[in-house]
Structures are given as C-alpha cells and as structure tokens.
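Student: Handing you a structure now.
The values are calculated or read from the model by the stated rules, or taken from the named source; none is laboratory data. Remember, predicted model here, so these are calculated numbers, not experimental data. Glycine also receives a Cβ, built like all others from the backbone with ideal geometry; neighbour counts cover every protein chain displayed.
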Amino acid sequence: MIDDALIATLTQQFFNALAIGGIYALIALGYTMVYGIIELINFAHGEIFMVGAFFGLTFLTAIGFTGAIANPITFLVVLLAAFAVVMPLLGLVGIGIERFAYRPLRNAPRLAPLITAIGVSFILQNIVYIWHGPSPVQFPQILSPQVRFSILGASVSYISVLIVAVTAVLLVALQLFIGRSRLGRAMRSTAQDRDAAQLMGVNINTTIALTFFIGSALAGAAGIVYGLYFGTIAFNMGFIGGLKAFTAAVLGGIGNTTGAVLGGFMIGFIEVLSAQLGLAIWAHAIVFGVLVIVLVFRPAGLLGQPIGERA
Amino acid sequence: MTAVAPAKNAPRRPALRSARDYLDRHRSLSIIIGMAIVTAILPFIVTLPPFSGFDAQRVWIGSFATAGIFVLLAIGLNVVVGLSGLLDLGYAAFYAIGAYTYAFAASSFTGIHIPFWPMLLVGALIAAIFGILLGAPTLRLRGDYLAIVTLGFGEIVPILFRNADARNIGVNLTNGTNGIGGIDRPTLPVIQIGDFKILDVVFNAANPLSYYLTMAIIITLVLILVYRLQDSRLGRAWQAIREDELAAASNGVNTITTKLLAFALGATTSGFAGVFSASKLVFVSPDQFGFTVSFTILAMVVLGGMGNSIGVALGAFIIYVIQSVFLKQMTNFFDDFQVPILSDINFIEYQFLLYGIALVAMMLLRPEGLFPSRQRARELHTDEGLDPMEGSPSGGDAEGSLA
C-alpha cells in the first residue's frame, strides 16, 4: 500500500537522515583518524565539535550576518569564510590539546590519556558553559530553512543538500590528502608502525599533531553545519553528538575513513528511522544499543581490519 | 588511617614501628579503629572555627552522611578502575539501580514498604546482577571500548528511568522525570531497660546523626571487605590484569571471571550507596544519576589515588566537602563583601571546570593521586627506571603485602 503521502514522508526523512548522517560522518572522521594513528579514543572530540559550532556563531555574529542571506553568492562567500576561519582555529585547538594533554602521556599506561581526555572534555564544555550559559543559543540562520525545493511530494530544505555536499567535498579532499600527499603518506606510515616510520625519517610529533589538526577542523565544519541545520546550539551538545559519532566510527570500522562516513550515514538513518517509528525518545538508547551489539559481535566494524589485542 | 604511609625511608621510632606492624598485620582491626576515631572526631571538629562559621553542626553532619555516599561510590569504582584497571564511565548507572530498587521496594509510589536493612543487601545484589549482565558481553572488549560501552550504559539507564512512565510506555513504572518521592526512611526498634533507652534511633532530616553513624558502619564494612579481597588470590588477579592482561591470562588467571567479579563488587558497593541515598533524600529522579555523577566519582578516584581504597575514600570525602560546602561559602563570602569581579563568580558553576583541570593536571604531574598506593605509584612511573622488586621494607604500607 504505497501512496503519495508515504513517499513524501520517506523522501523527507531520507534527506533528514542524509543531513544528520553527514554531520555524524564529519565528526566520526576525527575519531577514526586519531584512533588510527595513536589508538586513543579522543573523548574530547565531541566537545571540539561543540566548540566549533560556538566559534561559527561568534564569527557569523562578528561579521554581522545573523539573518538569512538571500543572495546565493553572498551566502556562499560568507559560508566559505566561516569554514575558512573556524576550521583552522579548531585545528589549532586540537593541536593544543594533543600537545598538552596527550603527548606527555604517549608512553604512559593506557588509562592515563583516557582520563585526561575526559578531563579535557569537561574543561571545554564548562568553558563554553561559562561563556554562553546553560540555555541553547540561536545559531545565525544564514540559509533560511524556508528556502526549499520539492521532490516526490516532499519539500526539502537546501541545508540538507548543503550538508551532504560539504561532507562529500571534505571527504574527497581528505582521501586525496591521505592517499596522495607526502604528509598523508607520513600519516599512514605512522599509523602502521610508529617506530619504523620514525626510523624512515617521519617526524612523528608533527604527523600526530597534523592528524589532530585535520580531525578537529572537520569537527569544526560539522559544528557549523549542525548550527545551520538545527538552528540552536548548546554547551552540552558535544557529549551525545560525540558519542553517536563515535558509534558511527566503530560501526564503520575504527581507523577507516570511508568506514567512518558510511557509519555516520548509517547512524543518521537509524536515528531518523527510530523517530519515524515513534521511538524518538529512545533514539539515544537505540544508537547505544547498536554500539554495544557492534562491539560485541563485530568489534572491527563493517570495513575495519581485525584488531589485535593490545594490553 | 594506617595506609597513609610516611615519607619513604623516614626513620621510625621502634615503639611506633611495632604499633604500625601490629596494625598492618591486623588490617581489619585498624580499619575499625581508624573509622571509629574519624567518626567520633568529625562532629566535634566542625564546632570549631572556621568550620563552625560555615554551617551548624547538624548541617555538617548531614553533609558528612551524604559525603559518605560518595566515599562508598569511590571505594567501589576504585575496585574497578584502580585495582583492575577497567575504565568504567557509567558507574552512576549502578548507583541509580540501587536507588530505584529501594524506591520501588519502600515508598508510597508502589505501596510496598519493605524495611531498609534487608533492602540494603537486596539493592546491592540487584546492582551486582546488573554489573554482571553488563560485564558479561562487554568485558572481552579492549579497555577503551569498555570505557565507551559503559559510558553508553550510564547514559541509557537514566533514559530508561526517565521514559518508563505512562505517557511513553503506557504503564507508569518510574514516574518519569518527576521521580519517585515519599520513600521510607530507615527504622530501628527501640530497645530499653526500664526507663533507660539503650537504643532509640530515629532517622529523619532533623536527626542526621543516625544516618551519619549508619554510613560510617557501612563504609567500615566495605573497606574491610575490599582490603580483604585485595590481598586475596582474587585481588592479586585484579592487579595482575591491570598490569598486563596477556601475561595474567598466560599465568592462568581467568580474566573474564576476574573482571566480572571486579565489576560485580564495584556495582555492589554502588548499590549500597544507592539504597542509602534514596533513604536519606527520600526521593529519586533520573537527573540524580547523569554522566556528571560518574565523572565526579572518577575524579575522586583519580585525585585520591587509584588503587588505594583509603586514599580514594579520603579524596572523595575532601572533594565532596569542598564542592558542597566551601564553593557555596566562597560564593556567599564574596557576595557578602562585594569583592569586585569575584562576587560576580558563582563558584559552584566552576566545579566541573575545576575537576577537569584537576584530572588533567593530576594525570600529567602526579598520576598516582594525592594519596597513592606505593605499588601503583611505581607502576605509573615505569619510565623512571624503578626496579619493580624494590619495594617497601617489611611491614611497609598497606599495599606492600602483595608478595
């Protein structure tokens, strides 16, 4: 029994899932890259995403764009400017965190950097809490949600398409960088065998810092598109967002960038599907359930290599 | 507080030394004596300045009883994180399970009124069962995955309690966000000889002393249990897993069972804490058990000194008193005197920022915590070339008896 209303709803939800999934995918890339190179779950990564959204808010407010921009050219310029400013800034934040909180503990017992990671996450969260207060903050809607197009009876906001485009562009750029560039090769070799890479002349510290820079910059991009899509941002959104993105990274196979994107979109679809089935209040629980099931039955994820035991 | 060791190689006078040796050999006795002394002294210390200026003695004693909840939680989490090296980020979930168990069993919400004392054990048991249920599928995972799964579990449990009401599932199981109120307080029979009442203990908000003493007894028992386990075959297995899981497994330690028992014991302790907390606040709600609680307990364990039960107990007590009394007082103080800038700061808002900074600083500068166990300190400073066999002289501190 397929009628037009159902098709419209499904189309609508399909685009919602793509948009949410794209945001998770961008965050998941940071988790997966950092894990791939130093086998650390960077708990603070979700908070970096949150800080990115607030940096985006600050930047857009500072240059005076708080409302919808009608002219598409101006809009693109403003959006690119926001990315160009926020992403490197977040990258620097990531490098700083790595330098002060993780690097000194690189050879410490595994528990130590995990605990500092949680500490850093609380520091970031509470700095923003003190800066902007506990209530959700309006994010400048520079692309009006009213700008929509119709497809199969559904009216879809351009923001969804924009998010998918941003994710796709960044993913392709990342794959080219990792696969083709000299620094990308250094990253791959460091991930494979840190000591051997060092012996071959790779500067380990620079390479790891670079990984944090890229991962955090991507989280910054995710923060901006999150603000555009949802319209409000809050100091505590990094916790759940980060956890879901981490689930995405694990689902796709941690350490695998394509897997992270795939996992991100899958989590987006799972979440939208559970909302569509009237289980919105259980969405978090369902995503965590997925995480537990994946970890127990296929810890390597969908695209990941089996991981050896490391004490 | 025998486990707080004096500075390394400090000369000891013979009389003092033999007393120490005696107490080290009779750890349970020394825990009882130590706890008795602390329990007896604390109510009097707070009548002295500067403490008397902050709050009335009664308020202090009530705070101490609540602090005891966190002390219990920290001791329990220390078994999991400090002794066994398993990072559990959802520890508050078991605390919630203990509290809700008591709320179901003894409140006007369900109409059932089972007494507090048996429920203390039942709540702990149910928490332990959930610990095993969570641990069984997940403890095979590597350490950092375990951290994430427990984090997820810690997030799901309050969601379940929040959502299980009439609006969402059709049956009002937990009263949703409003939580369950009207929980029974503990009761004890009055024992008297003639007119002289030997035992007439009333538990209510006006009389926090009875909660305080109950808590002191629970902590004493749990400390004895934990120390006895720590030096048993099981305790040595925990520490072996913490140090090198692969090596422990190849030496015949059943890692899964051992980790499960650590999880179960940790959950048991937080079950005690949950039942006690529900009976003291006479109210439970999902918001009491969020991630910030798990995080606070972790901060207490890390700051107190992972692996040293007395250390984490002290750490938890100090942190709780600082956060619940001094931060509030500081805010009031600067408000009263209109100190510029400082009076605009609400110090309570900063507590998690401070915990975060303290956690990072601690792991970087002093990973063994403020009150370290000597053995753990050696482990965390492996790169300083300390010979693992070089230890305390005979009868050293609490952890010296591993051999």
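Student: Of everything in region A:130-145, what is more than 10 Å from chain B (Cβ to nearest Cβ) and outside any loop (DSSP other than H, G, I, E, B)? Give them in sequence order.
Tutor: A:Trp131, A:His132, A:Val137, A:Gln138
Student: Okay, moving on. Taking the residues in region B:49-76 that are surrounded by fewer than 17 Cβ atoms within 10 Å (Cβ to Cβ) and polar (S, T, N, Q) as candidates, determine which candidate is modelled with the lowest pLDDT.
Tutor: For region B:49-76, the residue satisfying everything is B:Ser52.
Student: Among the residues of region A:248-255, is any in contact with a Gly (Cβ under 8 Å, 6 or more places away or on another chain), within 10 Å of chain B (Cβ to nearest Cβ) and modelled with pLDDT under 85?
Tutor: Yes.
Student: Before we move on, is B:Leu86 within 15 Å of the chain's Cα centre (by Cα) and crowded, with 24+ Cβ neighbours inside 10 Å?
Tutor: Judged against the criteria, B:Leu86 is not a match.
Student: For A:Gly119, all conditions in the list (1) within 14 Å of chain B (Cβ to nearest Cβ); (2) in contact (Cβ under 8 Å) with a residue 40 or more places away in the chain hold save one; what is the number of the exception?
Tutor: (2)
Student: Given the residues B:Thr258, B:Thr268, which is the only one that is modelled with pLDDT of 90 or more, more than 19 Å from the chain's Cα centre (by Cα) and either buried (at least 23 other Cβ atoms within 10 Å of the Cβ) or not in a strand (DSSP E or B) (or both)?
Tutor: Only one candidate qualifies: B:Thr258.
Student: I'm checking my understanding of the structure. Among residues of region A:238-247 that are of a type in the set (A, V, I, L, M, F, W, C) and crowded, with 24+ Cβ neighbours inside 10 Å, which one is farthest from the other protein chains (Cβ to nearest Cβ)?
Tutor: Among those residues, the one meeting the criterion is A:Ala245.
Student: Consider region A:85-109. How many of its residues are closer than 25 Å to B:Gly85 by Cα and surrounded by 15 or more Cβ atoms within 10 Å (Cβ to Cβ)?
Tutor: Residues that pass the stated criteria total 10.
Student: Let me ask something else about it. What are the pairs with Cβ atoms under 9 angstrom where one residue, in region B:152-179, is more than 10 Å from every other protein chain (Cβ to nearest Cβ) and the other, located anywhere, is basic (Lys, Arg) and crowded, with 16+ Cβ neighbours inside 10 Å? Sequence gap at least six, or different chains.
Tutor: B:Thr174/B:Arg162; B:Gly176/B:Arg162; B:Thr177/B:Arg162
Student: Shifting gears a bit: Can you name the number of the only condition in (1) out of contact with any strand residue (DSSP E or B) (no Cβ under 6 Å at 6 or more places or on another chain); (2) part of a helix (DSSP H, G or I); (3) away from every other protein chain (no Cβ under 14 Å); (4) surrounded by fewer than 23 Cβ atoms within 10 Å (Cβ to Cβ) that A:Ile127 fails?
Tutor: Only one criterion is unmet by A:Ile127, namely (3).
Student: Can you pull out the residues in region A:145-164 that are within 23 Å of the chain's Cα centre (by Cα) and either exposed (fewer than 13 other Cβ atoms within 10 Å of the Cβ) or not hydrophobic (A, V, I, L, M, F, W, C) (or both)?
Tutor: Of everything in region A:145-164, those that are within 23 Å of the chain's Cα centre (by Cα) and either exposed (fewer than 13 other Cβ atoms within 10 Å of the Cβ) or not hydrophobic (A, V, I, L, M, F, W, C) (or both) turn out to be A:Pro145, A:Ser157, A:Tyr158, A:Ser160.
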